[in-house]
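Everything below concerns the one structure shown next.
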2 protein chains.
Amino acid sequence: MTAPATVAAPPTTADLAERLRAGDRLALTRAITQVENRRPAAAALLRAITPHTGHAYLLGITGPPGGGKSTLTTQLIKALRARGERVAVIAVDPTSAISGGALLGDRIRMLEFYQDNGVFIRSMASRGVLGGLAATTGEVTRVLDAFGFDWIIIETVGVGQGEVAVAGLADTTLLIEVPGLGDDVQAIKAGVLEVADILVVNKADKEGATRLVTTLRGMLSLAHSTGWSPPIVKTIAAEGQGITELLAEIAKHRAYLDTTQQRAARLRTRLRAETLDRAGDLLLARLTALLDRDPAFAGALDDLAARTVDPAAIAAALVAQLGA
Amino acid sequence: MTAPATVAAPPTTADLAERLRAGDRLALTRAITQVENRRPAAAALLRAITPHTGHAYLLGITGPPGGGKSTLTTQLIKALRARGERVAVIAVDPTSAISGGALLGDRIRMLEFYQDNGVFIRSMASRGVLGGLAATTGEVTRVLDAFGFDWIIIETVGVGQGEVAVAGLADTTLLIEVPGLGDDVQAIKAGVLEVADILVVNKADKEGATRLVTTLRGMLSLAHSTGWSPPIVKTIAAEGQGITELLAEIAKHRAYLDTTQQRAARLRTRLRAETLDRAGDLLLARLTALLDRDPAFAGALDDLAARTVDPAAIAAALVAQLGA
């Protein structure tokens, strides 16, 4: 005789994977939470779903704050939904390493698509500079992929490392620029430009838009070509202008990646980076434990602070102690 | 009988350390290049100079592109030079992971102070997301410190991780904000605010400056206090306005750190992060070599791409193979 179940037991990994693939949104949320928080169950879940991934197209969107990334993403969601395609958004916020939590803007967006089961928006904190972004974003991407989304948009707030990092995570990367963000030479850097597959000049009705396009075109002409010349698309995201043209350019880039086998090459690069990122995380945890708790390193910080030894020496000792 | 030396032999480490401490600028440039490029000789040099560091005060300056960081730094240099203090600047550019090279703006600044031996400006590329920034910046900082600079300004172009990272590298961190960078809620994030010891509202003559100050004050009032309430200083860096007030606030924060022993605590945190960063780099190099060249992992990328295995599994195997 068993008592009636009043509280549902947490689903097993096999259960969760099955429900996820069947399109159960509660299972989706639960799976992402497991992955983000690195719960022990996440590893088995990811193993179970990995064979069922590879359908989704990954679109990276990046650019400076105030560039209109959220607005542009919202317009892309609407356009893709009008075609019946399902869209997930991962908004990676590199600042929430400290504060955590979703941005207000993301919450407003979530409300806008609240009743649409074909849309899913998740804010994700990155875990600081040392590792984590590639691995965790990759894992969440696989969960969303296994669920059946056609598009996964990975949006990063950030300039610099964030942009370079997001480019490693996507099939096609959009770089948004807007007129009037101070000195163009400072704001648009060659390194950032190199990660872009498509340049978007948003707020194209603002003063300086034409000059910005000319500057970008000039910078692109100086870059060494890799077979794909990034187009420049003008948009006014707040009014929905330029979205059709942008989607057409994304389709062109997607076709280019497929015909040149570069999509497969990008996947390999991504999986390699994710593997190294995850391995680095595992080792960093061990290094930290050694430095903070191993008796052999009890006086290490005092010695460092007294400047009788330098960090490289302690680093070498940590690596030796690890047995590596 | 020896032939006359027509080309000077490269200096020994002891030589270089000695000349560096004697204020030889050629030795300074050479030492930084060794450290940045991780030449074998750099390790011994850093060991030799470490006991002679600890004099310089580290000032971090960060904020969004177009915020006027370079202009503000230039004004601070001028004001500090007028007092006879010597200033070095490390401009960390998180985008040059790909492109390398100094920004045009940095080159112009260097020209401006070209004839002043009390000023040194160096652009530094960060080495991508996984490690490197903390360690290399820390090492270059020690070289500049041993040379005898009174101030080392560490400037990062970037929003998000860059800002959080620079705060870990400095004694006092300035966060620059400017009016008109789009949506305030998006542009000024709580996580970024938490790393700031002093907030600078630059371009304070622009529309929206008063509103920005009010917004920042409101956000600060919500933050949990740690004993220091970050002041908000209005500047118009392009006209040199507000620089005296800013230096006064920096002096106050410096005194606060000293009287509360927090400067020593920050040093320890910094050295700990640098040690872990350097150890992580050592291990990442080994992981990469294993994954790319060890026969045991010859088929790993194919398996990953075929989705028969997931990155976490390969990561665990890499760590095991490393013997750690």
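The values are calculated or read from the model by the stated rules, or taken from the named source; none is laboratory data. Small disclaimer: the values here were computed from a predicted structure and weren't measured. No Cβ is skipped: glycine too gets one built from the backbone with ideal geometry, and neighbour counts run over all protein chains shown.
Tabulated results
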{"item": "Filter pass, A:Gly131 being in contact with an Asp or Glu (Cβ under 8 Å, 6 or more places away or on another chain), closer than 30 Å to B:Thr136 by Cβ, buried (at least 21 other Cβ atoms within 10 Å of the Cβ) and modelled with pLDDT of 85 or more", "result": "no"}
{"item": "Selected residue (only one of B:Ala204, B:Ala165, B:Ala196, B:Ala209 is under 18 Å from the mean Cα position of the chain (by Cα), at pLDDT 70 or above and small (Gly, Ala, Ser))", "result": "B:Ala196"}
{"item": "Output for region B:277-304, where each listed residue is of a type in the set (A, V, I, L, M, F, W, C), touching a residue at least 24 places away in the same chain (Cβ under 8 Å) and under 30 Å from B:Val195 (Cα atoms)", "result": "B:Leu283, B:Leu284"}
{"item": "Matching entry among A:Leu59, A:Leu46 (being within 14 Å of chain B (Cβ to nearest Cβ), within 19 Å of the chain's Cα centre (by Cα) and closer than 16 Å to A:Asp145 by Cβ)", "result": "A:Leu46"}
{"item": "The lone exception for B:Arg38 - which of (1) away from chain A (no Cβ under 14 Å); (2) at pLDDT below 90 it fails", "result": "(1)"}
{"item": "Qualifying residue in region A:57-76 (condition: crowded, with 21+ Cβ neighbours inside 10 Å, among the charged types (D, E, K, R) and at pLDDT below 80)", "result": "no"}
{"item": "Residues that are surrounded by 20 or more Cβ atoms within 10 Å (Cβ to Cβ), within 16 Å of A:Ala135 (Cβ to Cβ) and in contact with a strand residue (DSSP E or B) (Cβ under 9 Å, 6 or more places away or on another chain), drawn from region A:18-51", "result": "A:Ile32"}
{"item": "Residues that are in a helix (DSSP H, G or I), over 19 Å from A:Ile121 (Cβ atoms) and free of Cβ contacts under 8 Å to residues at least 12 places away in the same chain, drawn from region A:27-56", "result": "A:Pro40, A:Ala43, A:Arg47, A:Pro51"}
{"item": "Boolean, A:Gly105 is surrounded by fewer than 21 Cβ atoms within 10 Å (Cβ to Cβ), in the same structural domain as A:Leu76 (by TED's automatic domain parsing), outside any helix (DSSP H, G or I) and modelled with pLDDT under 90", "result": "no"}
{"item": "Residues that are in contact (Cβ under 8 Å) with a residue 40 or more places away in the chain and part of a helix (DSSP H, G or I), drawn from region A:15-26", "result": "A:Ala17, A:Leu20, A:Arg21, A:Arg25"}
{"item": "Which numbered condition A:Ala146 misses (of (1) in a helix (DSSP H, G or I); (2) within 16 Å of the chain's Cα centre (by Cα); (3) under 20 Å from A:Arg38 (Cβ atoms); (4) at pLDDT 55 or above)", "result": "(2)"}
{"item": "1 or more residues out of contact with any Asp or Glu (no Cβ under 8 Å at 6 or more places or on another chain) and within 7 Å of another protein chain (Cβ to nearest Cβ): qualifying helices (runs of 4 or more DSSP H) within region A:226-324", "result": "A:262-293, A:300-305, A:311-321"}
